[in-house]
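Enquirer: Okay, here's the structure, questions in a sec.
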Amino acid sequence: MLQQLFNEMIKQDVKPFLVQHGFVKKSLNFYKIADNLIYMLNFQKSAGNSADHLMFYVNCGIYSAELAQIQAKEVLTEPKEADCHFRARIREIAGAAPDRFAITPDTKMDDVRKTLLSGLQQVVQFYRTMTSARSIVDYYTSGPFLHLGEESFHLLLQTNDVAAAKQYLQALQEKHGAEQRWTIFEKQYEAIFKQYGAEFTKL
């Protein structure tokens, strides 16, 4: 019963909305292929679902062939969400969306649809701002996040943007420099700077 409500919502609401924005459905994944990026949305059902309680997550991902090449990985045409270089739950992009959606016999499906489609609209708008591997790198360096650290330094130094690389390094040092694991990251990053002949400054 609840599974049927979920399937109907994907078929009648989610699919038409995402197809309208250029996405193609493959199982519970939706893909949109641009020049050098693949945008995806993944609907993940919770493992603990029962007859009277169905929960699902909406995972957002952007895959970059350029970053895959930097990682020396095979370039994929249908990446899984876990393969994506940018990864987030819908709530991280659309603040009003829940971390996970729930359907029970008492759920007003119209409310779920409205919240979900509003969140998806915000994701589609966000994806429009992410147009290249550099967009993904900029997102994580502005954090600053350790995620994609090595790839980010490679991309920035390959394009000779030493100033941005140094700014990112300094921000990471300030945020994580006191952590025990930082020395491991520092060695990796120093080797990358050396590879491109860029000066590496320790705090």
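Enquirer: Any lysines with Cα under 24 Å of the Lys73 Cα? List them, leaving off those in the same chain fewer than 8 positions away.
Expert: Lys73 reaches Lys26, Lys32, Lys187, Lys194.
Enquirer: Would you mind calculating the relative contact order of the chain from Cα pairs under 8 angstrom and at least 6 residues apart, reporting the percent as a whole number? All intermediate terms of the calculation are to be shown ahead of the outcome.
Expert: Values: 238 pairs, mean separation 30.8, N = 203.
Relative contact order of the chain: 15 percent.
Enquirer: If you line up the long axis of helix 109-129 against the longest principal axis of the chain, both from Cα atoms, how many degrees apart are they, to the nearest 10?
Expert: Around 30 degrees separate the two axes.
Enquirer: Leaving out ligands, DNA and RNA, and with a 1.4 Å probe, what % of the accessible surface on the range 148-203 is carbon or sulfur?
Expert: Result for the range 148-203: 48 percent of the exposed heavy-atom area is carbon or sulfur.
Enquirer: How large is the accessible surface per residue of the chain, computed with a 1.4 Å probe and reported in Å² as a whole number?
Expert: Value returned for the chain: 54 Å² of accessible area per residue.
Enquirer: Full-extension gain between Lys45 and Asn7, please, as 0.36 nm times their residue separation minus the C-alpha to C-alpha distance. Don't jump to the answer; show the numbers that get you there.
Expert: Values: separation 38, 0.36 × 38 = 13.68 nm, distance 1.12 nm.
Computed gain between Lys45 and Asn7 is 12.6 nm.
Enquirer: Which of rounded, prolate or oblate describes the range 132-203 when judged by the alpha-carbon gyration tensor and an a/c cut-off of 1.5?
Expert: oblate
Enquirer: With θ set to phi - 60° and the Karplus curve 6.51 cos²θ - 1.76 cosθ + 1.60, what are the ³J(HN,Hα) couplings of the range 42-49 in order, to the nearest whole Hz, using x for Gly and Pro?
Expert: 10, 9, 10, 7, 5, 5, x, 5
Enquirer: Helix-derived [θ] at 222 nm for the chain: sum -39500 (n - 2.57) over DSSP H runs of at least 4, divide by residue count, nearest 500?
Expert: Values: 9 runs with 93 residues, N = 203.
Helix-only estimate at 222 nm: -13500 deg cm²/dmol.
Enquirer: Got a sec? What order do Arg87, Arg134 fall in by accessible area at 1.4 Å, biggest, i.e. largest, first? Walk me through the numbers before you get to the answer.
Expert: Details: Arg87 105, Arg134 75 Å².
Accessible-area ranking of Arg87, Arg134, largest first: Arg87, Arg134.
Enquirer: Sorted from largest down, give the three principal axis spans of the alpha carbons of the range 40-124, whole angstrom values.
Expert: Projected onto the principal axes, the Cα atoms of the range 40-124 cover 49, 27, 17 Å.
Enquirer: Further, regarding this structure: How large, in percent, is the carbon and sulfur part of the accessible surface of the range 1-43 at a probe radius of 1.4 Å?
Expert: With neighbouring chains kept in place, the figure for the range 1-43 is 51 percent.
The values are calculated or read from the model by the stated rules, or taken from the named source; none is laboratory data. Since this is a predicted model, take the numbers as computed values, not measurements. Just so you know, the surface numbers come from the protein's heavy atoms only, side chains and all, with ligands and any DNA or RNA stripped out. Shrake-Rupley method; radii C 1.70, N 1.55, O 1.52, S 1.80 Å.
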